[in-house]
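Let me begin by presenting the structure, written as C-alpha cells, before commenting on it.
The values are calculated or read from the model by the stated rules, or taken from the named source; none is laboratory data. None of these values were measured; they are calculated from a predicted model. Neighbour counts run over all protein chains shown; Cβ positions are idealised from the backbone, glycine included.
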Amino acid sequence: MLSKLQQKYPESKLYKVLPSELIPDHLLLANETNEEFLSIPKQNLSNGEMELLLTLFSEAVPSGNIQNKTEESKNWHEYLYEGDSLKFRVSPKDMYRIIQFSIEEKVETDLLTEALRSIFAEQAVIVFNSPASGAIVEKKTEWTLPEEELLSAAAVIEGDFYVSPRFFIGRFYSIDDSFLSFFEEERNLFSFAEKNISKGRVFTFPSTFPPFALHYVPKQTKTRMFADIKSVFAEDEELKKTIKTYLENQSNTSQTAKALFMHRNSVQYRIDKFIEKIGIDIKTFQGALTVYLACLETEEDDNNMGG
C-alpha cells in the first residue's frame with residue numbers, strides 16, 4: 001500500500017527498516033505490520049491530505065537515536081539496534097552487560113536521563129531506542145550495580161515521576177561476534193516478561209527463563225502433568241502461597257516464615273502436608289523445580305481467568 005502511495009508523491013522515500021533519525025519537515029508513516037515506512041515531505045501535503053493519511057496509516061516514531069545526545073550513546077545505539085560496528089576500541093578482556101528499560105507512561109527524556117544517571121556509575125552509557133525505552137551499557141567493574149539497588153532505584157523513579165519503570169538485567173559478555181546474538185535473546189526475554197509476567201519491576205535471566213520455557217510447553221501436557229498439584233492449590237489458597245514463597249526463598253523455612261509472618265513450625269507443617277498429598281519432595285532440587293513450574297502455570301491460569 002505504501003509503495004503505491006509513493007508513486008503519488010515522487011519525492012517521498014520508502015524504507016524497509018524504521019529510520020533511527022527523524023527527517024525534518026517530513027511525515028513518517030507506517031503500514032499495519034510495521035514492515036514498510038514512507039517519509040513524505042510535508043510541503044507536498046495539504047492539511048486535508050495529511051489528515052486523511054493519518055486516518056489511513058499510523059505515524060511512525062523514529063527508532064530512538066534522535067534521543068541520544070552523545071557520540072558514544074549514538075554509536076552504541078547503532079551497534080545494538082542497527083547492527084553497525086562499534087567505532088571505538090574495546091578490550092577483549094572487558095565484559096559488558098545490557099540493562100534494558102522501558103516505561104509505559106510519557107516522561108521527558110532529559111528527566112529520565114538524569115534519573116538513570118543518578119543510579120548507575122559514571123562510565124555507564126544510557127542509550128535510548130524510543131522516548132521511553134532503551135538500554136544502559138554497563139562495564140563490569142567493582143562498582144557494578146547489584147540487583148537489590150536497582151530494585152530500590154526503580155521504586156524511587158516510580159515515586160518521583162509517577163511512572164511504571166521496568167528493567168531487565170542482562171548477563172556479562174565480552175564484545176565479540178556473539179554479543180549481539182545474546183542481546184537479541186535478552187530482548188526477547190524482556191519482551192516476554194513485559195507481556196506475560198504481571199508482577200515485578202526488575203527481571204533477570206534466571207527469573208524470566210522458567211516461565212519463558214514453560215510458556216512453550218503444549219497446554220495439554222501442562223494440564224495433565226500438573227493436574228493434581230493445581231487441584232490441591234485450588235482447595236487451599238494459603239497452602240499455594242506458602243509453597244511458592246518457600247520455593248522462592250531457596251527452600252529456607254525460617255525465611256519463608258518471616259516473609260509470611262508465620263511461625264516456623266506452621267510453615268514446616270504445611271510443607272510436610274503438601275509433600276504427603278502430592279508425593280513430590282520439594283526439599284530436593286528436582287522436586288522444587290517441578291512444583292515451582294506448576295505454581296507458575298497456576299498463576300498464568302489465574303491471570304487468564306482474571307483477564
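Quick look at the numbers
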read-out: Conditions (1) over 30 Å from residue 266 (Cα atoms); (2) exposed (fewer than 15 other Cβ atoms within 10 Å of the Cβ); (3) not aromatic (Phe, Trp, Tyr): number failed by residue 198; value: (1)
read-out: Residue among 57, 88 that is hydrophobic (A, V, I, L, M, F, W, C) and either surrounded by 12 or more Cβ atoms within 10 Å (Cβ to Cβ) or touching a residue at least 60 places away in the same chain (Cβ under 8 Å) (or both); value: 57
read-out: Odd one out for residue 252, checked against (1) without any contact (Cβ under 8 Å) to a residue 24 or more places away in the chain; (2) farther than 23 Å from residue 151 by Cα; (3) in the same structural domain as residue 284 (by TED's automatic domain parsing); value: (2)
read-out: Single unsatisfied condition, residue 48 versus (1) exposed (fewer than 13 other Cβ atoms within 10 Å of the Cβ); (2) under 20 Å from residue 163 (Cα atoms); (3) free of Cβ contacts under 8 Å to residues at least 12 places away in the same chain; (4) not polar (S, T, N, Q); value: (2)
read-out: Filter result for the condition that a residue is buried (at least 17 other Cβ atoms within 10 Å of the Cβ) and out of contact with any Phe, Trp or Tyr (no Cβ under 8 Å at 6 or more places or on another chain), over 77, 26; value: 26
read-out: Test: residue 190 is in the same structural domain as residue 147 (by TED's automatic domain parsing) and in contact (Cβ under 8 Å) with a residue 24 or more places away in the chain; value: yes
read-out: All positions within segment 124-151 that are among the polar types (S, T, N, Q) and at pLDDT 90 or above; value: none
read-out: Single match in 44, 34 (criterion: modelled with pLDDT under 85 and either closer than 30 Å to residue 117 by Cα or in the same structural domain as residue 15 (by TED's automatic domain parsing) (or both)); value: 34
read-out: Failed item in (1) charged (D, E, K, R); (2) closer than 30 Å to residue 298 by Cβ; (3) modelled with pLDDT under 85, with residue 166 passing the rest; value: (3)
read-out: All positions within segment 263-275 that are in a helix (DSSP H, G or I) and either under 28 Å from the mean Cα position of the chain (by Cα) or not charged (D, E, K, R) (or both); value: 265, 266, 267, 268, 269, 271, 274, 275
read-out: Spans of helices (runs of 4 or more DSSP H) in segment 1-113 with at least 2 residues closer than 29 Å to residue 150 by Cβ; value: 71-82
read-out: Residue in segment 121-134 that is surrounded by 20 or more Cβ atoms within 10 Å (Cβ to Cβ), assigned by TED's automatic domain parsing to the domain that holds residue 93 and within 19 Å of residue 207 (Cα to Cα) present; value: no
